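Single-structure report; data block below.
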Amino acid sequence: WRDLTHILYQQLSIGSILQAARICKNSGVSLEDILYSPPLRMSKAVLVPERIGALGPDARETRARLLRGENLNLSPLYREELAKGNTRFCIDPFKEELFQLANLLVLKGLQRDAFPRNQQEIYTALDDFELKFLPLCPLLVTSLKAMMTLEERHRPDFIEMISKLPPYESVIDSMDSKDDSTPQHLNNSTPQHQVYPYTYSSERMVSSQPI
């Protein structure tokens, strides 16, 4: 769970930077004003590895891979539209990448190889992930569940997501002091400010029918 949490912050950070850069290009707002404003609380200490879950530039190629039965990391909406042959539908690339990032972290946490292909498989994977990791790190569980909200309009983007997380440094401090052998809510030795306080709505949004 520690590695997954590190990757979560790292990828949210680079995704926020890229999203902010697009906002700056379209609006003329300074990148620094967006990234280091108080609501975002971006940590300059976060090291950014190679990006995860980037949306492919050619929807036709992605559709061909889908029809060949390849194991693709896609949101149900994207998967369904491609299966129907719609390669020109409108999609928020940052929200799609956010879903893909969470989907990959859930898969790695469960040590599975196949990405969920429909709504029910996503629910099952999230339930299994919650059962395994909630006692250790509710921050990780609630964050990934929010990132995998099925209906795109209710799903946060990178900037919205990282703005609701506690600062990276405080999470690292809490990791270093946490005893994995004791569920978090029973670990009285952990100072209150170091207990992961963040929860995100886990309400599951209904998407269109799975393919």
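The values are calculated or read from the model by the stated rules, or taken from the named source; none is laboratory data. Being a predicted model, the structure only gives us computed values, none of them experimental. Please note: Cβ atoms are built from the backbone with ideal geometry, for glycine as well, and neighbour counts cover all protein chains shown. In case anyone asks, the SASA skips ligands and DNA or RNA and just uses the protein heavy atoms, side chains included. Shrake-Rupley method; radii C 1.70, N 1.55, O 1.52, S 1.80 Å.
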Out of all the residues in region 117-128, which are open to solvent by 40 Å² or more (accessible area, probe 1.4 Å) and either among the aromatic types (F, W, Y) or outside any helix (DSSP H, G or I) (or both)? R117
Within region 82-103, the residues that are charged (D, E, K, R) and either within 18 Å of E121 (Cβ to Cβ) or open to solvent by less than 20 Å² (accessible area, probe 1.4 Å) (or both) are E96, E97
Note on E160: of the conditions (1) within 28 Å of Q19 (Cα to Cα); (2) charged (D, E, K, R); (3) touching a residue at least 24 places away in the same chain (Cβ under 8 Å), unmet is (3)
Working carefully through the options L72, L105, L82, L66, find the one that is within 18 Å of the chain's Cα centre (by Cα) and assigned to a helix (DSSP H, G or I). L105
Working carefully through the options A54, A114, find the one that is under 24 Å from I17 (Cβ atoms) and either modelled with pLDDT of 95 or more or open to solvent by 20 Å² or more (accessible area, probe 1.4 Å) (or both). A54
Checking the structure you have, find out if any residue of region 161-168 is within 22 Å of S13 (Cβ to Cβ), open to solvent by less than 10 Å² (accessible area, probe 1.4 Å), in a loop (DSSP other than H, G, I, E, B) and modelled with pLDDT of 75 or more. yes
When you check E152 against the structure, is it in contact with a Lys or Arg (Cβ under 7 Å, 6 or more places away or on another chain), open to solvent by 20 Å² or more (accessible area, probe 1.4 Å) and closer than 27 Å to L67 by Cα, yes or no? yes
Exactly one of L150, L131, L144 is under 20 Å from N103 (Cβ atoms), modelled with pLDDT of 90 or more and assigned to a loop (DSSP other than H, G, I, E, B), and that residue is L150
